[in-house]
Each structure stands twice: as structure tokens, then as C-alpha cells.
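A.B. asks: Starting off with a structure, shown below.
FYI, it's all coordinate maths here, none of it is from the lab. Treat the numbers as computed from the prediction; the structure is a model and nothing was measured. Every residue, glycine as well, gets a Cβ built from its backbone with ideal geometry; the counts of neighbours run over all protein chains shown.
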Amino acid sequence: MGQTVAMSELPSTMSAVYLMGHGGFDMLEYRTDVPVPSVGPGDVLISVGAAGVNNTDVNTRIGWYSKSVTTATNDGGSDGYDDAVTDDGGWAGEALSFPRIQGADAAGTIVAVGSDIDPSRIGERVMTRTMQTAGCTDATACVTMGSELDGGFAQFVRVDSTEAFAITSTLTDVELASFPCAYSTAEGMLHRVQLNKGERVLITGASGGVGSAAIQLAARRGAHVTAVASKAKWPQLDGLGSEQLLDRNADLIAELGKESFDVVVDVVAGPSWPALLEVLVKQGRYVCAGAIAGPLVELDVRTLYLKDLMLMGCTYQPREVFENLVRYIEAGEIRPMVSNTYPLTDIAKAQQDFLDKTYPGKLVLIP
């Protein structure tokens, strides 16, 4: 069964960035002769309007997910690591296939559909889901755009039709492209930890894409939000929904007191991690979806069991997380936070600015 093409003038090649292997920016190769993906019976082809820059793109490029790496993302973000990471450099602990088109999220328009898909979807504006479950047989298995699957750093991307979510919005593709990875990660954490109205939540890394999304999404649920971010970034976080801001270098216990939060939402980890458990109430919940300050932490198990704490990791997202995200956007309940855009040719500059934490919120590439 072949493909149904929306436009007779679809090109045979496109511009895209190939990741040629794990390493520094030299592993990113901008090409103009990459074949446009052909669609299978259940696929759609999306003309990418914009694609967000995410930590997972950097992590994948440098092989940070390998258990051989024990330092913060920034330590190898520009140049990679001296030791080659090949066997377990993907987020799932397995080797990746190269070349790979990265880009964990994308927004755009469907321009072609497979033979099993209703042609009426052609012309539909969509966002793609980052953590995709199409084709996965395990109930909690997923694959990632830009890792196991080619992603959005290209003029066109092919995805299973069930992973392209229609959206009706006046927001631009650039604004929509700021949502999928960061906001679904944040919403996935709040969903998993079951954050409720009136609860006190501490959010780390609050000036980043996931952290700033978590502020909005937690406030939307009616929680009382305290956010941790560099003091220089505080003005940009104004109006997102936090009731209190703390500098990332602050002594959390001294500033907040022990047992002052019901929930901690963390993407930082690193050396300051033990304090996060101290500020949790007894039977408090901790949820994590990142470790930008370093993946290895010190845990006093007595704190864990004597306080009856619940520690949760969060990668897999049930479909309702992304469906809810689309609903929030369409209702205007959350807003994009885009700080800068770059042409796809400037991907290294965009990732360097991301690593430098030059801007709060999201950076977006335009093919």
C-alpha cells in the first residue's frame, strides 16, 4: 500500500541536520540533500514550521544518558566527552543508529498521508508528541522523537498518524513548537505525582523550558508554587504563577524550613539534592524528569523511610497527558514562553545559548 500525497509538488529532498554520532557540535551536519521521508499506510508527513530546542537533544548528542557519564550536562555540552559513548548513549540505555535527525518536538502542517489515513487530515495543523507509544507493545514502553525516531530538525518529518495531534489555535508554529517536549514533561510529572489544588509545590530549574512550564501547569491546578531559579531570571518568570521565588544558590532549608512542601518537582538533581527531601513533609512526594546539575546524588535512606517519602521517576507519559496539554493550549489556560528563534543552520548557536542558560523559557529552530 502506498502513500497519498497532498501536494503534487512535494520535493524529493529537504534541508535537515544529521547527527553523525555522539560528540560535540562537529557531529551536527546541516544538509540540503536529505531524502524527504515517504509515508507508510498509517503515517502522516508534516511540513515542519518550527522545532523547539530541548535538553534531551543535547543529552542525546553528547551521549549523556550513558551510565559511564556522571557529570552535569554542561560539562560535555559543547565538545562531548573524551571517552567514546556508543553502547548505551541513548536515553533508553541502548545504542543509537546514525545518522539521526534530532528534534524532540515539532509543530507544522500535514502535507501527505498514508493510504490508511483519511485525506481530510491534509492541511491540519498539528503538534507531535515527544514520547511516542505507537507500535509499542509494552504498556509503559515509548520511543522518543529525535532519538529512536527521526525528529523535527528538518523541513519534513514523518510520524505515525496517532502521534500527530490536531490543534486549533491562533498561536504561531514557533509558539506551538515550544510546547510538546517541555510542557508534556512538566504535565507528565504533575500527572504522575497527582498534584492537587491547595498543595504546596517546590519547582527546581524554574527558568528552563520544563521548569517554567511546570510553574504554569501547577498554578493551573490551583497549587501554591515556589520556584527556584537564578535571580537574574526572576523578571522573566513574573506572571507565570509562582507565589515565591528563590535563588538557585539559596540554602533551601534555611530559607524554607524543613517539611514545608507536599511535592517537589525536580529537573536539577546534583549536589544540592538532599535538601529537596528535607523540605518535603512526611509522606511527601518527589518527582524527577531530569538531572541537569548531575545524575549522581547522595541519599540518606533513613530520610526516605523515616519520613515515608515517595520518590518517582517520570519518562513514560500516558496519552491523556498530551491530550490534556492540547486542551489547555486551545483554551488559553497556558501560554508559550519563547525567548529566541534561530534558522536551522544556526543549530550549534542555539544549543550553545541553551547550555549557557542565556535565555529563560524556550529557544526554537525554524527550518
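A.B. asks: May I ask you to compute the full-extension gain from Ala232 to Glu298, defined as 0.36 nm times their residue separation minus their alpha-carbon distance, rounded to one decimal in nm?
C.D. replies: Net length gain for the segment: 20.9 nm.
A.B. asks: Can you give the helix-only mean residue ellipticity at 222 nm for the chain, where every DSSP H stretch with n ≥ 4 adds -39500 (n - 2.57) and the sum goes over all residues, rounded to the nearest 500 deg cm²/dmol?
C.D. replies: -6000 deg cm²/dmol
A.B. asks: Taking 0.36 nm per residue of separation and subtracting the Cα-Cα distance, what length does fully extending Asp356 through Ala141 add?
C.D. replies: Contour length minus the Cα-Cα distance gives 74.1 nm.
A.B. asks: Is region 180-248 best put as rounded, prolate or oblate by its Cα gyration tensor, with a ≥ b ≥ c the root eigenvalues, rounded for a/c under 1.5, and otherwise prolate when a/b is larger than b/c, oblate when not?
C.D. replies: oblate
A.B. asks: Further, regarding this structure: Return the Cα extents of region 1-141 along principal axes one, two and three, sorted largest first, each rounded to a whole Å.
C.D. replies: 49, 38, 24
A.B. asks: Charges at C-beta only: +1 for Lys and Arg, -1 for Asp and Glu. How large is the resulting dipole of region 184-313 about its Cα centre, in Debye rounded to 20?
C.D. replies: Dipole about the Cα centre, nearest 20: 280 debye.
A.B. asks: Shifting gears a bit: Under a plain spin-label model, where a point goes 7 Å from the Cα along Cα-to-Cβ, how far apart in nm are Glu29 and Asp247?
C.D. replies: Modelled inter-label distance: 4.6 nm.
A.B. asks: Here's another thing I want to ask about it. What dipole magnitude, in Debye to the nearest 20, does the chain give about its Cα centre under +1 on Lys/Arg Cβ and -1 on Asp/Glu Cβ?
C.D. replies: For this selection, approximately 860 debye.
A.B. asks: Peptides 272-280, 358-366: what's the order by average Cβ count within 10 Å, highest mean first?
C.D. replies: Taking the mean over residues of other Cβ atoms within 10 Å, the ranking is 358-366, 272-280.
A.B. asks: Evaluate the distance, in nm, between pseudo-label points positioned 7 Å from the Cα of Thr345 and of Met312 along their respective Cα→Cβ axes.
C.D. replies: 4.6
A.B. asks: Sticking with this structure for a sec: Going highest first, how would you order 63-71, 308-316 by mean Cβ packing within 10 Å?
C.D. replies: Answer by packing, highest mean first, reads 63-71, 308-316.
A.B. asks: Bin by bin, in steps of 10 Å, what percent of the Cα pairs in region 184-313 do you find, going until the bin that has the longest distance?
C.D. replies: The percentages, shortest bin first, are 13, 50, 33, 3.
A.B. asks: Calculate the tail of P(r) for region 213-271: the fraction of all Cα-Cα distances greater than 19 Å, expressed in %.
C.D. replies: 28
A.B. asks: If I model region 61-193 as equal point scatterers sitting on the Cα atoms and use the Debye formula, what is log10 I(q)/I(0) at q = 0.09, 0.14, 0.16 Å⁻¹?
C.D. replies: Results for region 61-193 at q = 0.09, 0.14, 0.16 Å⁻¹ read -0.32, -0.74, -0.94.
A.B. asks: Okay, moving on. Sort the following peptides by mean Cβ neighbour count (other Cβ atoms within 10 Å, averaged over residues), highest first: 168-181, 99-112, 141-154.
C.D. replies: In decreasing order of mean packing, 168-181, 99-112, 141-154 become 99-112, 141-154, 168-181.
A.B. asks: At 0.36 nm per residue, minus the direct Cα-Cα distance, what do Glu94 and Thr162 gain on full extension? Give it in nm, one decimal, please.
C.D. replies: 22.0 nm
A.B. asks: Under 5 Å between amide H atoms, partner at least 5 residues away or on a different chain: which partners does Ala112 have, H built in plane at 1.01 Å?
C.D. replies: For Ala112, the qualifying residues are Ala6, Leu45.
A.B. asks: GNM on the chain, C-alpha springs below 10 Å: top fluctuator among Asn249, Asn55, Asn74?
C.D. replies: Asn249
A.B. asks: Just the number, please: Stokes-Einstein D of region 290-360 in µm²/s, Kirkwood Rh from C-alpha pairs, 10 °C, 1.306 mPa s.
C.D. replies: Estimated via Stokes-Einstein, D reaches 95 µm²/s.
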